[in-house]
Amino acid sequence: MQLVFATHNQNKLEEVKKLMPSHIHLVSLLEIGCTEDIPEIGKTLEENAQIKANYVTENYQLPCFADDTGLLVNALNGAPGVYSARYAGAGKHAQDNMNKLLKELASSTDRSAYFKTIIALNLHNETHLFEGIAEGEITFETAGVDGFGYDPIFKPIGYKETFAQLSLKTKNSISHRGKAIQKLMDHLKKPSNV
């Protein structure tokens, strides 16, 4: 079965491909000829995931899923949240985003935070939502070179390493995206959805 993952983020695509069962052929937006940057104008992660999935379904008539992820920091009342990718500006530079977040938390003793991923799946004229959450804390400085986004400053509960220091296999087993993808996989394994 071919399934479109509505992303231009190659890191995210490779991460998710490793989680897919063999009977699903995952393709990217570029592979279906979609070069547009689908606008994320929703006020919630759920809205943004649905906007992206609906764009592909309506314009390409293909089964599709899309995700949106936010980092929610308790001391910042849930910021950056839905604006995580463009927290430091429209350029979506991960280092700038991390620098801004670390600066805003410089005097905070509460470093607790969590990642939240929402996946919207459009399949057989139905939309299904799946959620994954990874709780942890924001470190005082970056550590690690793997991963992407805020991974170098997020230390999940129960680990001494940041997401950027963990192996991809370990990260996928505990991450917000990994948990949401697992729920998606469980849904796709149902005979009626193959």
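The values are calculated or read from the model by the stated rules, or taken from the named source; none is laboratory data. Only a predicted model underlies this, so the values are computations on that prediction, with no experimental measurement involved. Note that we place each Cβ from the backbone using ideal geometry, even for glycine, and neighbour counts take in every protein chain shown. Areas reflect the complete protein model, heavy atoms only, side chains present, ligands, DNA and RNA absent. Shrake-Rupley method; radii C 1.70, N 1.55, O 1.52, S 1.80 Å.
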DSSP loop (so not H, G, I, E, B), at most 11 other Cβ within 10 Å: list which chymotrypsin sites (Phe, Trp or Tyr not before Pro) in segment 61-142 pass both filters.
F140
How high is the FRET efficiency between K189 and S167 when r is their beta carbon distance and R₀ equals 25 Å, given to the nearest 0.05?
0.50
Using a Gaussian network model on the chain with a 10 Å cutoff between Cα atoms, which of N99, N54, N77 fluctuates the most?
N77
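Suppose all protein chains stay in the model; what accessible area per residue would a 1.4 Å probe give for segment 1-58, in Å²?
51
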Rounded to the nearest 0.05, what FRET efficiency do T44 and A75 have when you use their Cβ-Cβ distance and R0 = 22 Å?
0.60
At R0 = 30 Å, how high is the FRET efficiency between I157 and Y60 if r is their beta carbon distance? Nearest 0.05 is fine.
0.15
Over the heavy atoms of D110, what accessible area does a 1.4 Å probe trace out, to the nearest 10 Å²?
70
Once the Cα gyration tensor of segment 81-194 is found, what semi-axes does its equivalent ellipsoid get, as square roots of 5 times the eigenvalues, in whole Å, sorted largest first?
30, 16, 12
Using the Cα atoms of segment 31-147, I'd like the radius of gyration and the largest Cα-Cα distance, Dmax, both in angstrom.
16.1, 50
Return the carbon/sulfur percentage of the accessible area of the chain, one whole number, probe 1.4 Å, all protein chains in place.
50
Contour minus Cα-Cα span, K17 to L129, at 0.36 nm per residue, comes to 38.4 nm
